[in-house]
Amino acid sequence: MTAADVTPRFALDGRTALVTGASSGLGQHFARVLHAAGASVVLAARRVDRIEAEAARLGERARAIAMDVTDEASIAGAFERLAATEILCDIVVNNAGISGSNMLLQMETTEWDGVIDVNLRGPFLVAREAARRLVAAKRPGSIINIASILGLRVSPALAPYMASKAGLIHLTRSMAFEFARYGIRVNALCPGYFETEINSDFLKTDYAQASLKRVPQRRIGDLRDLTGPLLLLASDAGAFMTGEALVVDGGQSINSM
């Protein structure tokens, strides 16, 4: 086997990827990785100024589109606008997410509902819309739901986040089971600690610093550590993978101490 046998499996030439929550952090990184691998990329988010600036930076094969993943009409409208220009997304990265920050006894119902709405209902709505269009076009695809190791373990003051990510992992399995007959793969990517806008304040707390000491690799993740796992799930390199929750956490989830 040579590089000519291996490298093309990871290439995304001729593919089109939609990344939600692409205005910053993981979503922005994912968009850059997919673009570098040869895919045309649609950056979707509510902060249109940010995604337009990033699409301009990426240049050819990149465009921005306004999308609120909590709004079914917004999602349908975004896909319709793409379809009007003959764009069909065969890679979908459900990355948009929020965290919440209160203990359950102090939590307002609106906080719970808001987190679940973005982190669980949103991926369902986006994946369903994308899958319907792929099925109608008789095209295969890959849907990647960005979950978290906190969908697999527990941490204080993040109950709705953990519940949403645990639900997203199981939703991923359900989607994978139902969509397999149409050639659509669905997997979850479960990062550990990676610094982004959503968690930068939390990572400065004593609790977070103590938690990082329990990571076997003794460090926080670098966004580049997610590049290979993302490409594996998006490309033909992962063609026989579906319904999986791929953990990238420096060994944190296997440390019981």
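Quick one: in the range 186-212, of everything that is touching a strand residue (DSSP E or B) at 6+ places or on another chain (Cβ under 8 Å) and of a type in the set (A, V, I, L, M, F, W, C), which residue is modelled with the lowest pLDDT?
Taking the candidates together, the pick is Phe194.
From the list Gly38, Gly100, which one is part of a loop (DSSP other than H, G, I, E, B), in contact (Cβ under 8 Å) with a residue 40 or more places away in the chain and touching an Asp or Glu at 6+ places or on another chain (Cβ under 9 Å)?
From the options Gly38, Gly100, the qualifying one is Gly100.
So, Val6, is that one β-branched (Val, Ile, Thr) and either on the phi > 0 side of the Ramachandran plot or in contact with a strand residue (DSSP E or B) (Cβ under 8 Å, 6 or more places away or on another chain) (or both) or not?
For Val6, the condition - β-branched (Val, Ile, Thr) and either on the phi > 0 side of the Ramachandran plot or in contact with a strand residue (DSSP E or B) (Cβ under 8 Å, 6 or more places away or on another chain) (or both) - is not met.
Are any residues in the range 236-255 under 11 Å from Cys190 (Cβ atoms) and either touching a strand residue (DSSP E or B) at 6+ places or on another chain (Cβ under 7 Å) or at pLDDT 95 or above (or both), and if so, which ones?
Glu244, Ala245, Leu246, Val247, Val248, Asp249, Ser253
Taking the residues in the range 141-200 that are of a type in the set (Val, Ile, Thr) and not in a strand (DSSP E or B) as candidates, determine which candidate is surrounded by the most Cβ atoms within 10 Å (Cβ to Cβ).
Among them, the one singled out is Thr172.
For the range 228-247, enumerate the residues that are buried (at least 18 other Cβ atoms within 10 Å of the Cβ), within 27 Å of Ser40 (Cβ to Cβ) and either free of Cβ contacts under 8 Å to residues at least 12 places away in the same chain or of a type in the set (Val, Ile, Thr) (or both).
Selection gives Thr242 alone.
Kindly check whether there is at least one residue in the range 1-17 that is assigned to a strand (DSSP E or B), touching a Phe, Trp or Tyr at 6+ places or on another chain (Cβ under 9 Å) and either surrounded by 18 or more Cβ atoms within 10 Å (Cβ to Cβ) or modelled with pLDDT under 95 (or both).
Yes, the range 1-17 contains at least one residue that is assigned to a strand (DSSP E or B), touching a Phe, Trp or Tyr at 6+ places or on another chain (Cβ under 9 Å) and either surrounded by 18 or more Cβ atoms within 10 Å (Cβ to Cβ) or modelled with pLDDT under 95 (or both).
Give the residues of the range 46-89 that are under 24 Å from Arg133 (Cα atoms), assigned to a loop (DSSP other than H, G, I, E, B) and either among the small types (Gly, Ala, Ser) or in contact (Cβ under 8 Å) with a residue 24 or more places away in the chain (or both), sorted by residue number.
Arg61, Met67, Val69, Thr70, Ile87, Leu88, Cys89
The values are calculated or read from the model by the stated rules, or taken from the named source; none is laboratory data. Predicted model only: the values in this text are computed from it and were never measured. Note: ideal-geometry Cβ built from the backbone for every residue, glycine included; neighbour counts use all protein chains shown.
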